[in-house]
Amino acid sequence: MTTLDNRLQTDAPTLPAMLFTPLRVGALNLPNRLAVAPMTRVSATADGRATAQMADYYEAFAAGGFGLVITEGIYTDKAHAQGYLFQPGLADDAQREAWQPVVDRVHARGGRIIAQLMHAGALSQGNPHRSRTKGPSAVQPAGQQMTFYRGQGPYRMPEAMTIDEIAEAVDGFAQAARRAQAAGFDGVEIHGANGYLLDQFLTAHTNLREDRYGGSVENRLRLTLDVIQAVRQSTTADFVVGVRSSQGKVNDFTHKRTGGQNEAARIFSTLGTQPIDYLHTTEFEAWRPAFGEDGPSLAALARKHVPVPVLANGSLHDATRAEGLIARQEADFVSLGRGALTHADWPARLRTGQPQEEFDRGLLAPIADLDNAVRHRAQAQPA
């Protein structure tokens, strides 16, 4: 685990070289400050196995110069974790074996790869293992299912999880982390953001429980802490463990924490006591104040309260904004989504001064899978 003192002693180079300086995250030595953000691509087999096409996709980011690649959300068990049809999993050994070629291809290009572990909870819109959804409480999620992930209509009313089902979910994260390490991943990222299960427990209006998992922010954070501990205990000390945190949700994009900055500070302070190696914050525009017209960004607040590197995400395909966050010590490294989808070689292009094109939303529509992206790029080529 990187200490805060060691982190702040790093010499800060002048722009624009800052994005290309090395960084140590846990036991990982990253060659630069550029990561690929987790992006759902719903391109696995129907039974959740990674494919050769996915190996090509992830390898391209490492070949293009990204120092770290974080996978799309990977479901953790065959109960209620799966969120989308054709989502990849780490819920059995066949799925683990399917990930190994992907990991090997990224490593062969000099990259590092982390598996994001995700439990969809009440936001599940495509799960062949269970017909019902589960969440902290019987509260119907806001918004509509995402059509570009093959969803339709409103989210279903979830059932409140029992204590045994909570324990099953925690064990699912632990077993998926163990399989991730066996597959050769360099670490895992626990998805505690964007409205999925751990964030549902943390959010006051979706968690109406009256047991030890509900009520105070400390109780609502308990499931995340249980998962961190279980994942850490199921893997070796040199295996990187990160956590993702947000305010906004995939079904409630503009959501802000009811307790504002003070609540977020309490959450980050508690996470900072846990055996994690980095914290990944995500907002729509990562550099903007997160709690009103002024004040810190979410990344800056996290960096104030955790003794590990902070990874910032949110519209950072503008290199000047990305560098600015690091220069102001509001983040230690950055992750790109739209920029990486537009150019898998975004870092190489930045180094050599090649033009960066605008993101084309057709890459994700009508379905956000890899087949659609291939077709769209082919159609966009001049005759």
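The values are calculated or read from the model by the stated rules, or taken from the named source; none is laboratory data. All of these numbers come straight from a predicted model, not from anything done at the bench. All Cβ positions, glycine included, derive from the backbone under ideal geometry; neighbour counts span all protein chains shown. These area figures cover heavy atoms from the full protein model, side chains too; ligands, DNA and RNA do not enter into them. Shrake-Rupley method; radii C 1.70, N 1.55, O 1.52, S 1.80 Å.
Across region 358-383, what is the number of residues that are small (Gly, Ala, Ser) and part of a helix (DSSP H, G or I)?
Selection size over region 358-383: 4.
Going through Gln200, Gln229, Gln261 one at a time, which residue ends up being among the polar types (S, T, N, Q), crowded, with 21+ Cβ neighbours inside 10 Å and part of a helix (DSSP H, G or I)?
One residue alone meets the criteria, Gln200.
Of the conditions (1) polar (S, T, N, Q); (2) under 23 Å from Leu123 (Cα atoms); (3) part of a loop (DSSP other than H, G, I, E, B), Ser245 satisfies every one except a single condition; which number is it?
Only one criterion is unmet by Ser245, namely (3).
Mind checking which residues of region 223-270 are among the small types (Gly, Ala, Ser) and farther than 13 Å from Glu283 by Cα?
Ala230, Ser234, Ala237, Gly242, Gly259, Gly260, Ala264, Ala265, Ser269
Counting just the residues of region 341-382 that are free of Cβ contacts under 8 Å to residues at least 60 places away in the same chain and among the β-branched types (Val, Ile, Thr), which one comes out surrounded by the most Cβ atoms within 10 Å (Cβ to Cβ)?
Among those residues, the one meeting the criterion is Thr342.
What's the total number of residues in region 87-133 that are open to solvent by less than 10 Å² (accessible area, probe 1.4 Å), part of a loop (DSSP other than H, G, I, E, B) and within 24 Å of Gln144 (Cα to Cα)?
7
Exactly one condition in (1) outside any loop (DSSP other than H, G, I, E, B); (2) farther than 22 Å from Gly110 by Cα is false for Pro355; which is it?
It is condition (1) that Pro355 fails.
Looking only at region 67-105, which residues are β-branched (Val, Ile, Thr), under 18 Å from Ala37 (Cα atoms) and in contact with a helix residue (DSSP H, G or I) (Cβ under 9 Å, 6 or more places away or on another chain)?
Val69, Thr71, Ile74, Val102, Val103
Collect the residues in region 90-116 that are at positive phi and not small (Gly, Ala, Ser), keeping them in residue-number order.
Within region 90-116, no residue meets the criteria.
If the requirement is being surrounded by fewer than 21 Cβ atoms within 10 Å (Cβ to Cβ) and either closer than 25 Å to Phe185 by Cβ or out of contact with any Asp or Glu (no Cβ under 9 Å at 6 or more places or on another chain) (or both), which of these qualifies: Thr224, Thr254?
The match here is Thr254.
Restricting attention to region 258-283, report how many residues are touching a His at 6+ places or on another chain (Cβ under 8 Å) and without any contact (Cβ under 8 Å) to a residue 40 or more places away in the chain.
Looking only at that region, the number is 3.
Assuming Val188 fulfils every condition listed in (1) under 23 Å from the mean Cα position of the chain (by Cα); (2) open to solvent by 10 Å² or more (accessible area, probe 1.4 Å); (3) hydrophobic (A, V, I, L, M, F, W, C) apart from one, which condition is it?
(2)
Among the residues of region 321-330, is any modelled with pLDDT of 95 or more, open to solvent by 40 Å² or more (accessible area, probe 1.4 Å) and touching a Ser or Thr at 6+ places or on another chain (Cβ under 7 Å)?
Checked against the condition, which is being modelled with pLDDT of 95 or more, open to solvent by 40 Å² or more (accessible area, probe 1.4 Å) and touching a Ser or Thr at 6+ places or on another chain (Cβ under 7 Å), region 321-330 yields no hits at all.
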